[in-house]
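Working notes, beginning with the structure itself.
The values are calculated or read from the model by the stated rules, or taken from the named source; none is laboratory data. It should be emphasised that the depicted structure is a prediction, and the values quoted were computed from it without experimental measurement. Note: ideal-geometry Cβ built from the backbone for every residue, glycine included; neighbour counts use all protein chains shown.
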Amino acid sequence: MASIREAQKQMTSRLLLEKALELFEAKGYAATTVDDIAAGVGTTRATFYAHFPSKARLMQSLVARSNEMLTAADVPPLQSVVESGDRGQIRAWLERKFAQWAEIRPYVTAAHQAAASEPEIQAALDEWFDGAIDEMQAGLDRAGRFEPSSRRVRCSLAFGDLEFFSRRWMRLGWTVDRDISLELMVDTWCFLLAD
């Protein structure tokens, strides 16, 4: 019986997450209430709180899910790509990120909306950004490229460029040529991270 209860609990959590994401995309994070989410899956506020102590905690779960979606496709992982300094690997990694933007758009949009009023969401986004920079810096450290004091700055500039461009795309779509954008991003990353 415990396994059936656990499966039901996991299913309810998944349904709450999916409905919340749908509502955040349709109404915005701030306008969506716990009651909206619960009613959307045919349950109650009490059930919502049995799974998530707050709307912000639910959003943290969505941020974690989007990070898992992004990193699951990273073969080889970002650290290895940066360590290699190989233009082909850098291009392939960036191409995968460009391709993932449509899938993660609702997660990222909701997370940035939530960060405006929820300090713990902003902290989760900062942690995600810093984690990516840490991975990149570890790649440069292992490769021994560039002065150690410049490595984190180089990684911050490269990843910041990608992050800014992705958020702009998520708001406006392709306002510039995608293929040219990719090639210029590769050029920038190679300048900052490769020999």
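For segment 45-77, filtered to residues that are in contact with a helix residue (DSSP H, G or I) (Cβ under 7 Å, 6 or more places away or on another chain) and of a type in the set (Ser, Thr, Tyr), the residue that is surrounded by the fewest Cβ atoms within 10 Å (Cβ to Cβ) is Thr47.
Out of the residues in segment 58-87 meeting the condition of being of a type in the set (Asp, Glu) and free of Cβ contacts under 8 Å to residues at least 24 places away in the same chain, tell me which one is farthest from Thr47 (Cα to Cα). So the residue we want is Asp74. Among the conditions (1) within 29 Å of Cys190 (Cα to Cα); (2) among the polar types (S, T, N, Q); (3) modelled with pLDDT of 95 or more, the only one that Ser66 does not satisfy is (3). Residue count for segment 175-195 under the criterion of being assigned to a helix (DSSP H, G or I) and among the charged types (D, E, K, R): the result is 4. Please verify whether Glu6 is surrounded by fewer than 17 Cβ atoms within 10 Å (Cβ to Cβ) and under 23 Å from Ala124 (Cβ atoms), treating the condition exactly as stated. Judged against the criteria, Glu6 is not a match. Which residues, counting only those in segment 2-56, are of a type in the set (Ser, Thr, Tyr), free of Cβ contacts under 8 Å to residues at least 24 places away in the same chain and assigned to a helix (DSSP H, G or I)? Matches in segment 2-56: Ser3, Tyr49. What are the residues in segment 18-38 that are exposed (fewer than 15 other Cβ atoms within 10 Å of the Cβ) and of a type in the set (Gly, Ala, Ser), if any? Those that are exposed (fewer than 15 other Cβ atoms within 10 Å of the Cβ) and of a type in the set (Gly, Ala, Ser): Ala26, Gly28, Ala30, Ala31.
No other residue among Met185, Met170 is over 23 Å from Leu58 (Cβ atoms) and surrounded by 14 or more Cβ atoms within 10 Å (Cβ to Cβ) apart from Met185.
The number of residues in segment 120-174 that are part of a helix (DSSP H, G or I) and more than 25 Å from Glu103 (Cα to Cα) comes to 14. Among the residues of segment 78-87, are any aliphatic (A, V, I, L, M) and out of contact with any helix residue (DSSP H, G or I) (no Cβ under 8 Å at 6 or more places or on another chain)? No: segment 78-87 contains no residue that is aliphatic (A, V, I, L, M) and out of contact with any helix residue (DSSP H, G or I) (no Cβ under 8 Å at 6 or more places or on another chain). Mind checking whether some residue in segment 58-74 is within 30 Å of Leu140 (Cα to Cα), in the same structural domain as Ala123 (by TED's automatic domain parsing) and part of a loop (DSSP other than H, G, I, E, B)? Yes, segment 58-74 has at least one match. Only one of the numbered conditions (1) crowded, with 16+ Cβ neighbours inside 10 Å; (2) in contact (Cβ under 8 Å) with a residue 24 or more places away in the chain is violated by Asp141, and that is (2).
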